[in-house]
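The values are calculated or read from the model by the stated rules, or taken from the named source; none is laboratory data. Just so you know, these numbers come straight off a predicted model, no measurement behind them. Note that each Cβ is placed from the backbone with ideal geometry, even for glycine, and that neighbours are counted across all protein chains shown. Heavy atoms of the whole protein, side chains included, go into the accessibility calculation; ligands, DNA and RNA do not. Shrake-Rupley method; radii C 1.70, N 1.55, O 1.52, S 1.80 Å.
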Amino acid sequence: MPREGATGLILAGGTSRRMGRDKAFLPWGKTTLIEHLLERLRPVTDELIVAVKDAQAFRYLQATVVEDCVPDAHALGGLYTGLRAASHERCFVCACDTPFLNPAVIRWLIRLVDGYDLVIPHTPDGLQPLYAVYRTSVLSVIEEQVRRRDWTLTGLVGRLHAKIVEADVLRCVDPQGFSFFNVNTPDEYLTARERWRAHEGLDGQRQRP
């Protein structure tokens, strides 16, 4: 299927405190979680960017690797860095701990962003700013927030012209609701592996985009 004229941006600059090791390099089948995410995004996006604190360990990836240009700014800093590096106006943004990225959902969200700064899902767990589509035109808003040292993504969302996609609508494209599951702890990682094995296998198979 054709790509969407968009950038795929993965934020991988977190500390992974609760996991106890870097989530990006967790084993996932025959590869690592970060490589798995890149392969999920590749059929949908025309450019892949990974925003990190230290680029050295990520240089082997088949993607553009950029180091956070605002140290200690948490996810907002990674978002700012990645959007600055993006070649496309539309950017799908996710964290490095979301193994069930769904290409069909991503493609659909990208197509909804025309006329908005941001398309953001709203699930029973709340807004999902790290599974959303941003326009690079929001950079000036982020810069102003960085100057105030306000690192909250929810604060950013409130200052943008956002299209919020509610849970009942999301179920039409993701009936099982797997897309937004993330792995912050060892137990969540094991749960994700079991879920993936049950539905797709960990032997290199993957959903069709």
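Does region 177-193 contain at least one residue that is open to solvent by 20 Å² or more (accessible area, probe 1.4 Å), within 20 Å of Thr7 (Cα to Cα) and hydrophobic (A, V, I, L, M, F, W, C)?
yes
Of the residues Ala63, Ala51, Ala57, Ala24, which is over 24 Å from Arg149 (Cβ atoms) and within 13 Å of the chain's Cα centre (by Cα)?
Just one listed residue meets the conditions, Ala24.
If I ask for residues that are in a loop (DSSP other than H, G, I, E, B) and small (Gly, Ala, Ser), which ones from region 35-65 would you list?
Selection gives Ala63 alone.
Does region 81-94 include one or more residues that are assigned to a helix (DSSP H, G or I) and touching a helix residue (DSSP H, G or I) at 6+ places or on another chain (Cβ under 7 Å)?
yes
Which condition does Ala51 not pass, out of (1) open to solvent by less than 60 Å² (accessible area, probe 1.4 Å); (2) under 26 Å from Trp196 (Cβ atoms); (3) touching a residue at least 60 places away in the same chain (Cβ under 8 Å), if it passes all the others?
(3)
Based on this model, can you work out whether Gly5 counts as within 19 Å of Arg135 (Cα to Cα), open to solvent by 10 Å² or more (accessible area, probe 1.4 Å) and in a loop (DSSP other than H, G, I, E, B)? Don't jump to the end; show me each part of the working.
Values: within 19 Å of Arg135 (Cα to Cα): yes; open to solvent by 10 Å² or more (accessible area, probe 1.4 Å): yes; in a loop (DSSP other than H, G, I, E, B): yes.
Criteria met by Gly5.
Condition first: out of contact with any helix residue (DSSP H, G or I) (no Cβ under 8 Å at 6 or more places or on another chain) and of a type in the set (Gly, Ala, Ser). Now tell me which residues in region 11-68 satisfy that.
Correct list: Ala55 only.
Does Gly29 meet the test of being within 16 Å of the chain's Cα centre (by Cα), surrounded by fewer than 23 Cβ atoms within 10 Å (Cβ to Cβ) and modelled with pLDDT under 95? Even if it seems obvious, please write down each step before you answer.
Working: within 16 Å of the chain's Cα centre (by Cα): no; surrounded by fewer than 23 Cβ atoms within 10 Å (Cβ to Cβ): yes; modelled with pLDDT under 95: yes.
When the stated conditions are applied, Gly29 does not pass them.
Can you tell me which residues in region 82-117 are aliphatic (A, V, I, L, M), without any contact (Cβ under 8 Å) to a residue 60 or more places away in the chain and open to solvent by 10 Å² or more (accessible area, probe 1.4 Å)? Show your work before the answer.
Taking region 82-117 and keeping what is aliphatic (A, V, I, L, M), we get 83, 85-86, 93, 95, 101, 104-106, 109-110, 112-113.
Filter once more, keeping what is without any contact (Cβ under 8 Å) to a residue 60 or more places away in the chain: 85, 109, 112-113.
Passing the criteria: Ala85, Leu112.
Any residue in region 68-81 that is without any contact (Cβ under 8 Å) to a residue 40 or more places away in the chain sitting within a Cβ distance under 6 Å of a residue that is buried (at least 17 other Cβ atoms within 10 Å of the Cβ) and assigned to a loop (DSSP other than H, G, I, E, B)? List the pairs, counting only those 6 or more apart or interchain.
Short answer, once both residue conditions are applied: Thr81/Asp68.
Just a yes or no: is a residue in region 189-207 β-branched (Val, Ile, Thr) and over 16 Å from the mean Cα position of the chain (by Cα)?
Yes, some residue in region 189-207 is β-branched (Val, Ile, Thr) and over 16 Å from the mean Cα position of the chain (by Cα).
Tell me, which residue of region 105-141 that is polar (S, T, N, Q) and more than 13 Å from Gly8 (Cα to Cα) is modelled with the lowest pLDDT? If you could, list the steps in order and put the result at the bottom.
Taking region 105-141 first, the residues polar (S, T, N, Q) are 123, 128, 136-137, 140.
After this cut, where a residue has to be more than 13 Å from Gly8 (Cα to Cα) as well, the list is 123, 128, 137, 140.
Working: Thr123: 93, Gln128: 96, Ser137: 96, Ser140: 96.
Ranking the qualifying residues of region 105-141, first place goes to Thr123.
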